[in-house]
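Novice: One structure follows; several queries about it will come next.
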Amino acid sequence: MDNTKEQIREEVRNILDDYLTAHKYRKTTERYAILDLIYSESSHFNIDTLHEKLTQRNFRISRATLYHTMQLLLECNLVLKHQFGKNLSFYERAYNNDFHFHSICTICNKVSEHTNSKLKAQIQNTQIKQFVPSNYNLYIFGVCNICARNLKKQQKLAKLKLKQSS
């Protein structure tokens, strides 16, 4: 495993340790297993995929424990929660995660990440009167190329059928 990844995992474990100690929560193996899994991957996930991956690793954990642990990880800023549409919550690691924004296809729900240094600088330099931002997310909703092509094909077919029926 990459030294940097291992260092980050150690740092997030320490953050969780401090949070659990400060709030007098138990330090359970389940909580650390969830945290380790989240920080071993870089993709977005939901509770179902997280549960499935833990089960594949022979780690039995209840959904209630998963939801409760995710709430703890949100509170100590180790995880970000996203609503990409369709009332589904997705999460991603927050610590040491570079700025990126998300494009979400409103047809197939595909989520893509993008980086843009000019946009990052613009957001960081934006001052909001009587407000100090701590973090931010940017979502751009639209139609991906694949769905746009499929829509075009469907429109052409519909026009063709309309002409044939006239």
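The numbers here are math on the coordinates, done by the rules we state, and not lab data. It should be emphasised that the depicted structure is a prediction, and the values quoted were computed from it without experimental measurement. A quick note on method: Cβ atoms are made from the backbone with ideal geometry, for glycine too, and the neighbour counts reach across all protein chains shown.
Novice: In the range 37-52, what residues are in a helix (DSSP H, G or I), of a type in the set (D, E) and over 11 Å from L66 (Cα atoms)?
Specialist: As a first pass, look at the range 37-52 and keep what is in a helix (DSSP H, G or I): 37-40, 47-52.
Then keep just the ones that are of a type in the set (D, E); that gives 48, 52.
Across the range 37-52, the qualifying residue is only E52.
Novice: Here's something else I'd like to know. Against the conditions (1) under 25 Å from L74 (Cα atoms); (2) in a helix (DSSP H, G or I), where does A158 fall short? Just the number, please.
Specialist: Answer for A158: the failing condition is (1).
Novice: Separate question: If K86 satisfies every condition in (1) at positive phi; (2) charged (D, E, K, R); (3) touching a strand residue (DSSP E or B) at 6+ places or on another chain (Cβ under 9 Å) but one, which is the exception?
Specialist: (3)
Novice: While we're on this one: Which one of I34, I61, I8 is over 30 Å from N145 (Cβ atoms) and part of a loop (DSSP other than H, G, I, E, B)?
Specialist: Details: I34 fails: part of a loop (DSSP other than H, G, I, E, B); I8 fails: part of a loop (DSSP other than H, G, I, E, B).
Just a single option satisfies the conditions, and that option is I61.
Novice: On the given criteria, is E30 more than 12 Å from the chain's Cα centre (by Cα) and within 24 Å of Q7 (Cα to Cα)? If you could, list the steps in order and put the result at the bottom.
Specialist: Numbers: more than 12 Å from the chain's Cα centre (by Cα): yes; within 24 Å of Q7 (Cα to Cα): yes.
Spelling it out, E30 is indeed more than 12 Å from the chain's Cα centre (by Cα) and within 24 Å of Q7 (Cα to Cα).
Novice: May I ask you to list the residues in the range 118-155 that are within 15 Å of D98 (Cα to Cα) and either of a type in the set (V, I, T) or within 20 Å of the chain's Cα centre (by Cα) (or both)?
Specialist: L119, K120, I123, S134, N135, Y136, N137, L138
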